[in-house]
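K.L.:
Here it is: the structure, laid out below.
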Amino acid sequence: MQNLRTRAQSGLDAASALKAFMDRVPALFLFVGVDLPDSDLFAGPMSAQMQGRVTMHYLKPMSRGTQEDRDEWDSLIDLLEESLPLMSQPAGHLSSQASEFLHAATGGSIGSLRTLVRMAALGALIDGKETIGLREVKTAHRDYRAELAAKEEHLTQTRQHSPGRPDARSSA
């Protein structure tokens, strides 16, 4: 949806068709995309018409704040692990070894988690290991979003653990 360009005639025609379907078809329409409020569909020429027909629901990164959150995160890691083509990968191995690191490294982003785990699996396949754990995900290449999340996490931890410094401009 974020790629629908209503400033071009073809995009405007597609948006008009979507609007007509929403008006005439007794169904629930679910539009999914990245940064939809800023997209042409909701900020371009047809924005007022489309905004009046939708309710926005925003997805946030997954949390590890509660035990339930941690269990959900670990279940997601387990599902990803099951989908890997690694013959020697024990079930639940990755979540038991790397759950906390994976959350910190991805900022709780499911897409970043998927990319990081796949990159680690690719490295294991190339090396002939057929298994991944904490060491492999730590050395795997991250996507740009995960790199930004890791930098933010590092800054947050640095701020929390550094003692207050006196202002360099003040004089004794």
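The values are calculated or read from the model by the stated rules, or taken from the named source; none is laboratory data. Since the structure is predicted, the reported quantities are computational estimates derived from the model, not experimental observations. Note that we place each Cβ from the backbone using ideal geometry, even for glycine, and neighbour counts take in every protein chain shown.
K.L.:
If the requirement is being under 30 Å from Arg114 (Cα atoms) and among the small types (Gly, Ala, Ser), which of these qualifies: Gly52, Gly33, Gly44?
P.N.:
Checking each option against the conditions leaves just Gly33.
K.L.:
Please verify whether Asp78 is part of a helix (DSSP H, G or I), out of contact with any Ser or Thr (no Cβ under 9 Å at 6 or more places or on another chain) and over 19 Å from Ala146 (Cβ atoms), treating the condition exactly as stated. Working first, answer last.
P.N.:
Details: part of a helix (DSSP H, G or I): yes; out of contact with any Ser or Thr (no Cβ under 9 Å at 6 or more places or on another chain): no; over 19 Å from Ala146 (Cβ atoms): yes.
Against the criterion (part of a helix (DSSP H, G or I), out of contact with any Ser or Thr (no Cβ under 9 Å at 6 or more places or on another chain) and over 19 Å from Ala146 (Cβ atoms)), Asp78 does not qualify.
K.L.:
Let me ask something else. Mind checking which pairs have a first residue in the range 35-46 that is farther than 22 Å from Lys60 by Cα and part of a loop (DSSP other than H, G, I, E, B) and a second that is of a type outside the set (Gly, Ala, Ser) and modelled with pLDDT of 75 or more, Cβ under 6 Å, 6 or more apart or different chains?
P.N.:
Gly44/Thr6; Gly44/Arg7; Pro45/Thr6; Met46/Thr6
K.L.:
Looking only at the range 1-24, filter to residues that are surrounded by fewer than 13 Cβ atoms within 10 Å (Cβ to Cβ) and assigned to a helix (DSSP H, G or I); which one of those is farthest from the chain's Cα centre (by Cα)?
P.N.:
Kept after step one, since they are surrounded by fewer than 13 Cβ atoms within 10 Å (Cβ to Cβ), are these residues of the range 1-24: 3, 7-10, 13, 17, 20-21, 23-24.
Then drop every residue that is not assigned to a helix (DSSP H, G or I), which leaves 9-10, 13, 17, 20-21, 23-24.
Numbers: Gln9: 32, Ser10: 30, Asp13: 31, Ala17: 30, Ala20: 32, Phe21: 30, Asp23: 32, Arg24: 34 Å.
Taking the candidates together, the pick is Arg24.
K.L.:
Still on this structure: Hey, could you check the range 73-105 for residues that are in contact (Cβ under 8 Å) with a residue 40 or more places away in the chain and loosely packed, with under 13 Cβ neighbours inside 10 Å and say which is nearest to Arg118 (Cα to Cα)?
P.N.:
Among residues in the range 73-105 that are in contact (Cβ under 8 Å) with a residue 40 or more places away in the chain and loosely packed, with under 13 Cβ neighbours inside 10 Å, the one nearest to Arg118 (Cα to Cα) is Pro85.
K.L.:
Okay, moving on. Is it the case, given these coordinates, that Leu84 is closer than 24 Å to Lys151 by Cα and in contact with a helix residue (DSSP H, G or I) (Cβ under 7 Å, 6 or more places away or on another chain)? Let's see the steps before the verdict.
P.N.:
Details: closer than 24 Å to Lys151 by Cα: no; in contact with a helix residue (DSSP H, G or I) (Cβ under 7 Å, 6 or more places away or on another chain): yes.
Criteria not met by Leu84.
K.L.:
Have a look at Arg64, Arg70, Arg53 and point out the one that is free of Cβ contacts under 8 Å to residues at least 40 places away in the same chain and assigned to a loop (DSSP other than H, G, I, E, B). Give the derivation first.
P.N.:
Values: Arg64 fails: free of Cβ contacts under 8 Å to residues at least 40 places away in the same chain; Arg70 fails: assigned to a loop (DSSP other than H, G, I, E, B).
Sole residue among the options that is free of Cβ contacts under 8 Å to residues at least 40 places away in the same chain and assigned to a loop (DSSP other than H, G, I, E, B): Arg53.
K.L.:
I'd like to verify a number: residues in the range 25-47 that are among the aliphatic types (A, V, I, L, M), modelled with pLDDT of 80 or more and either over 30 Å from Ile110 (Cα atoms) or crowded, with 16+ Cβ neighbours inside 10 Å (or both), how many?
P.N.:
Going through the range 25-47 one residue at a time, the tally reaches 2.
K.L.:
Next up: Could you say whether any residue in the range 145-163 is in a loop (DSSP other than H, G, I, E, B) and either surrounded by 11 or more Cβ atoms within 10 Å (Cβ to Cβ) or on the phi > 0 side of the Ramachandran plot (or both)? Show your work before the answer.
P.N.:
So the first thing to find is which residues in the range 145-163 are in a loop (DSSP other than H, G, I, E, B), and the list is 162-163.
Okay, now just the ones that are also either surrounded by 11 or more Cβ atoms within 10 Å (Cβ to Cβ) or on the phi > 0 side of the Ramachandran plot (or both), so none.
No, the conditions are met nowhere in the range 145-163.
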